[in-house]
Amino acid sequence: MRFLRWALGAAVAALLSVTAVPAQQVSDTIAPEGALAFTAKNPAYASREMVVTANPLASEAGFEVLRRGGSAADALVAVQTVLGLVEPQSSGVGGGGFLVWYDAATGEVTTIDGRETAPASADADLFIGPDGQPLKFFHAVVGGRSVGVPGTVRLMEMVHKRHGKLEWESLFDDAIRLAEEGFSVSPRLAGLIEEDRKRLYEEPTTKAYFFDKDGQPLQSGHLLRNIDYAEAMRSIAQNGAGAFYDGAIADSIVNAVQLHPTNAGGLTAEDLAAYQAKERPPVCAPYRGYQVCGMGPPSSGALTIGQILAMVEPFDLSELGPHDPVSWRILGDATRLAFADRDRYMADSDFVRMPTGLLDRDYLASRSALLIRQNALGEDEVKPGEPPWDKAEMRTGGMEIELPSTSHFVIVDRDGNVASMTSSIENGFGARVMASGFLLNNQLTDFSFVAEKDGAAVANRVEPGKRPRSSMSPTIILKDGKPAFALGSPGGSNIIPYVATTIVALVDWNMNPQEAVSLPHLTNRFGTYDVEKGTAAEAMIPDLEALGYKVEARDMNSGLHAVKFNGYGLSAGADPRREGVALGE
């Protein structure tokens, strides 16, 4: 097997080039010779506090809160409410999210689950059509049927009550101001409106918001105002999170869902009033002397990443390096094995018993041994393992489609607290239905569309009150009990290999955060090796095919954000595929 050194052409840098506003501009080249990183952005450096988000306006809002003496929890509220306005297709108060939090005072890592829940009326036939067959994806998505009970506002409330320093009401100022005065539609938002113009145009609320008076999609630079959103944020600011779950905002959500003319859903006022965010124990897995901590079920992120890292740890990825196809064979097949377990076993643990041994070291060593070979695992060799159980259950994989949207941000405050949060409305523009100025999620389509296969129950089936399985993977990595890295990404089920590969880049390949998040993507979840179209990753195709993989070049739109904790301060990277920036001092 030959080693391959990839050339990074000007076309690649141009493809992913985005203007950044980093904490400190650095003029040296990101990519050392031979590294597989784009040079579209430079790393950002700061001495004590940092905000990295997917939009400059959100980064500015969060950083201003930190400058006023706010905590990472305070900045989180400002960031999320601005993101929901300026990046509405990805996240917002109409959706949900997961937070991993490091408390500098106690040294503890905790997680908060703000994932959406299925309405009480939801059942196993939610996505079964009149013909008895599962609905086509977008027939399920668009309208009220796919809307779960939003959890983001309760998550914001919980973390602020525990860790906030500033008054709740003051944290909404930027979102309200931008909504009332208007903000400039970004190139990314304009492009996504154009891509989804047919579905957006057919829904009255999104047509009224995302199209001009002539019926044309909004263009980059258009000054967009959202008075409904400003009123909703002002109500939540003045009256607390309860104003979202009861009253005028709640009524607008219920009406938008239940009165949809072609695809009504069953979400009720009682469902909203009953929603609770939940603190859950973090899932932490060892990797080369670090502790990789993330979100447990209903997220599959930390468990699956933990499995991948445990399987690749016996191999010297540092010696192989990022240029060698063998590195990608090991990473790709470890991911395939972990995804087989994910599909079979992982779901909302409040509803589904899960194996106790998914991260058992002996079990994962036996899985890792399958990777000691010259070529790719055959299709019949990639199947769920048999981890230790307290009580085994008959279980099978389901049928769900998890498409990329979502947003991730990292915040570090001057006291050393760290927030790593992934937030989502699921598909781009969610259910394509708006209420009170924000888009509603379509997260219920993250459930399996079928409840059983061949007589066995699907773990991720729809059940009332259940939270759909997610791939969101907000992560904080500890070294000797202190933060070493914090990261995460959007990207549907590709979030998991995006984050796992970035961890390898940071730990094994000694890349700085900007190098790591700029790597061309190569992922293999289900057998086909996906390589990032239009990047230097395409040069790896012949080598991967020689190893026995079917390979497909495709668009792979991550939004990785990462912070590294150095002895002298902080360094950060923002994914060049999106508009994100890092700000700090």
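Things worth noting here:
- One residue stands out among those in the stretch 316-370 that are of a type in the set (Lys, Arg) and modelled with pLDDT under 95: the one that is nearest to Asp390 (Cα to Cα), which is Arg353.
- Test: residue in the stretch 83-93 that is open to solvent by 30 Å² or more (accessible area, probe 1.4 Å), touching a residue at least 40 places away in the same chain (Cβ under 8 Å) and either assigned to a helix (DSSP H, G or I) or not aromatic (Phe, Trp, Tyr) (or both): no
- At least 1 residues being touching a residue at least 60 places away in the same chain (Cβ under 8 Å) and open to solvent by 30 Å² or more (accessible area, probe 1.4 Å) is the threshold, and among the helices (runs of 4 or more DSSP H) wholly inside the stretch 149-255 those reaching it are 152-163, 173-181, 187-195, 197-202, 204-210, 227-239.
- Of all residues in the stretch 453-468, those being under 13 Å from Val352 (Cβ atoms), assigned to a strand (DSSP E or B) and open to solvent by 20 Å² or more (accessible area, probe 1.4 Å) number 1.
- Residue check, Ala553 hydrophobic (A, V, I, L, M, F, W, C), in a strand (DSSP E or B) and surrounded by fewer than 24 Cβ atoms within 10 Å (Cβ to Cβ): yes
- Residue in the stretch 469-485 that is of a type in the set (Lys, Arg), more than 22 Å from the chain's Cα centre (by Cα) and surrounded by fewer than 21 Cβ atoms within 10 Å (Cβ to Cβ) present: yes
- For the stretch 390-425, the set of residues classified as hydroxyl-bearing (Ser, Thr, Tyr) and modelled with pLDDT of 55 or more consists of Ser405, Thr406, Ser407, Ser420, Thr422, Ser423, Ser424, listed by residue number.
- When Val458, Val450 are screened for being in contact with a Pro (Cβ under 7 Å, 6 or more places away or on another chain) and farther than 24 Å from Ser558 by Cβ, only Val450 passes.
- Of the residues contained in the stretch 304-314, none is found to be surrounded by 24 or more Cβ atoms within 10 Å (Cβ to Cβ) and of a type in the set (D, E, K, R).
- Only listed residue being closer than 17 Å to Leu506 by Cβ and either assigned to a loop (DSSP other than H, G, I, E, B) or open to solvent by 10 Å² or more (accessible area, probe 1.4 Å) (or both), chosen from Ser318, Ser366, Ser327: Ser318
- Within the stretch 94-114, none of the residues are under 23 Å from Ala250 (Cβ atoms) and polar (S, T, N, Q).
- Single residue of the stretch 148-177 satisfying the filter (of a type in the set (Asp, Glu) and touching a helix residue (DSSP H, G or I) at 6+ places or on another chain (Cβ under 6 Å)) that is nearest to Ala273 (Cα to Cα): Glu169
- For the stretch 557-585, a residue qualifies if it is part of a loop (DSSP other than H, G, I, E, B), open to solvent by less than 10 Å² (accessible area, probe 1.4 Å) and either of a type in the set (Asp, Glu) or closer than 13 Å to Ser47 by Cβ (or both), and exactly one does: Asp575.
- Any hit, the stretch 47-54, residues being in a loop (DSSP other than H, G, I, E, B), crowded, with 18+ Cβ neighbours inside 10 Å, in contact with a helix residue (DSSP H, G or I) (Cβ under 9 Å, 6 or more places away or on another chain) and modelled with pLDDT of 85 or more: yes
- Condition broken by Arg145, with the remaining ones in (1) farther than 28 Å from Ala274 by Cβ; (2) in a loop (DSSP other than H, G, I, E, B) satisfied: (1)
- Boolean, Ala14 is open to solvent by 10 Å² or more (accessible area, probe 1.4 Å) and either modelled with pLDDT under 95 or over 30 Å from Glu231 (Cβ atoms) (or both): yes
- Leading residue by the ranking (most open to solvent (accessible area, probe 1.4 Å)) among those in the stretch 270-293 that are within 18 Å of Pro387 (Cβ to Cβ) and touching a residue at least 60 places away in the same chain (Cβ under 8 Å): Cys284
The values are calculated or read from the model by the stated rules, or taken from the named source; none is laboratory data. This one's a predicted model, so the numbers in the text were calculated from it and none came from an experiment. We place every Cβ from the backbone using ideal geometry, glycine too, and count neighbours over all the protein chains shown. Only protein heavy atoms, including side chains, enter the accessible area calculation; ligands, DNA and RNA are left aside. Shrake-Rupley method; radii C 1.70, N 1.55, O 1.52, S 1.80 Å.
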